[in-house]
Amino acid sequence: MATYRDALELVIRREFGVYGAEKIIDFAAKLGITVGRNGNIISTPPGKSDRELLVEFMNRLREEFGEVSVISCRVALNSFFMKNNLENPL
Amino acid sequence: MGEELDYSRAIEIHDGIYWLGWTEENSAFRSNPYLIDDGEDVILIEPGSVPHFNTFYSKLESVVEPERVNYIFVSHQDPDLCTGIPLLEERLNKTFTILTHTRTTFLLPFYGIKSRYYAVDMHGWKLKLKSGRELKFIFMPYCHFPGMTVMYDEKSKILFSGDLFGGLSYDWSLYAGEWYIEAMKAFHEHYMPSKEILRHNVSKLEKLDIAMIAPQHGSIIREDVQRYIEALKNLECGEYMLLGEE
Ligand SMILES: [Fe+2]
Ligand SMILES: [Fe+2]
């Protein structure tokens, strides 16, 4: 069963391609998310659901990197939510 | 990988084949003009746009006498690859033979282009150069323009793929790096019409022996070509992916 954590990893890997892994690993760290070199999530901050984290990640991404960061994964996220019958929280 | 490349200069990507593009820190959407110097015939590929014309021209001059260019290949009519053509005609005071699909020939004159056309679909999808070298053209309709056509150089085995295999990335390098497939997906998800059409077209490439893919945006693919072809064949794309957003 696909989860919001999978959606967050999809975003992370996509942004690796658009901004480079280094920048995105550093950015995620600021949100308390530890990301590995292959885009996997190693740990997340306590007290937050993966769904909340995804929303926060996307909002902060837009603030820090601009619209292109959101546009570059928008279709992929929509497709992911549709395929997996997950509500789109964004 | 790991080689140091000077992007301020033209870069030879294969014997007699050059990248004449540019880099821009703040752009995720770079264009890649190329050139094939085949002696008696010189083919300019997707030459570029108005704002980058001078950069492009100085690189062109650094590899051939620009007057020697006799053919220009364009995969489709978008401004990022075509608006530099009238400037080149003016600078050199000459016209060229433009290799492209008939559907594209109807639109190009609106840029003020004066050159004549060689509609590849009317000539068996190929062009034999004076040296005997053959250029093949492969039709990729609706990816993303209805006349989209890519060019395969039999001698170098390079596919000049137009928008196909292009990428959207600020983390750019001339040759595709570890995460280029993601940059490629980011572009194709927005510009390609549907999974079925993309898959149908990209499958046509499987019968070619491709050593390198040189797209009009993004990075050149010179390793694991098949992996990138597979990625596009399986890509979910199309506007219907955004259903419910309007
Ligand atoms: Fe285009
Ligand atoms: Fe383009």
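The values are calculated or read from the model by the stated rules, or taken from the named source; none is laboratory data. Remember, predicted model here, so these are calculated numbers, not experimental data. All Cβ positions, glycine included, derive from the backbone under ideal geometry; neighbour counts span all protein chains shown. In case anyone asks, the SASA skips ligands and DNA or RNA and just uses the protein heavy atoms, side chains included. Shrake-Rupley method; radii C 1.70, N 1.55, O 1.52, S 1.80 Å.
General remarks:
- Which listed residue, of B:185, B:207, B:233, B:155, is among the basic types (Lys, Arg) and without any contact (Cβ under 8 Å) to a residue 12 or more places away in the chain: B:207
- Test for residue A:65: is it among the hydrophobic types (A, V, I, L, M, F, W, C) and either surrounded by fewer than 14 Cβ atoms within 10 Å (Cβ to Cβ) or within 13 Å of chain B (Cβ to nearest Cβ) (or both): yes
- Number of the condition not met by residue B:235 [criteria: (1) within 13 Å of chain A (Cβ to nearest Cβ); (2) open to solvent by less than 20 Å² (accessible area, probe 1.4 Å); (3) touching a Phe, Trp or Tyr at 6+ places or on another chain (Cβ under 8 Å)]: (3)
- Considering region B:153-165, the residues that are of a type outside the set (S, T, N, Q) and surrounded by fewer than 22 Cβ atoms within 10 Å (Cβ to Cβ) include one that is nearest to residue A:68 (Cα to Cα), namely B:157.
- Taking region B:136-237 as the region of interest, the strands (runs of 3 or more DSSP E) fully inside it that hold 2 or more residues being in contact with a Gly (Cβ under 8 Å, 6 or more places away or on another chain) are B:149-153.
- Residue ID - most open to solvent (accessible area, probe 1.4 Å), chosen from residues in region B:9-59 that are hydroxyl-bearing (Ser, Thr, Tyr) and within 14 Å of residue B:172 (Cα to Cα): B:23
- Members of region B:81-119 found to be surrounded by fewer than 23 Cβ atoms within 10 Å (Cβ to Cβ) and touching a Gly at 6+ places or on another chain (Cβ under 6 Å), listed by number: B:86, B:103
- Of all residues in region B:195-220 being polar (S, T, N, Q) and buried (at least 23 other Cβ atoms within 10 Å of the Cβ), the one that is nearest to ligand 2 (Cβ to nearest atom): B:216
- Residue in region B:68-75 that is open to solvent by 60 Å² or more (accessible area, probe 1.4 Å) and not in a helix (DSSP H, G or I) present: no
- Considering only residues in region B:124-168 that are over 21 Å from residue B:200 (Cα atoms) and of a type in the set (Ser, Thr, Tyr), the one that is nearest to ligand 1 (Cβ to nearest atom) turns out to be B:156.
- Per the conditions (1) touching a helix residue (DSSP H, G or I) at 6+ places or on another chain (Cβ under 7 Å); (2) in a loop (DSSP other than H, G, I, E, B); (3) touching a residue at least 12 places away in the same chain (Cβ under 8 Å), the sole criterion not satisfied by residue A:32 is (1).
- Subset tally (residues that are at pLDDT below 95 and within 14 Å of chain A (Cβ to nearest Cβ)) for region B:193-216: 3
- Which listed residue is within 16 Å of ligand 2 (Cβ to nearest atom) and acidic (Asp, Glu), from B:78, B:153: B:78
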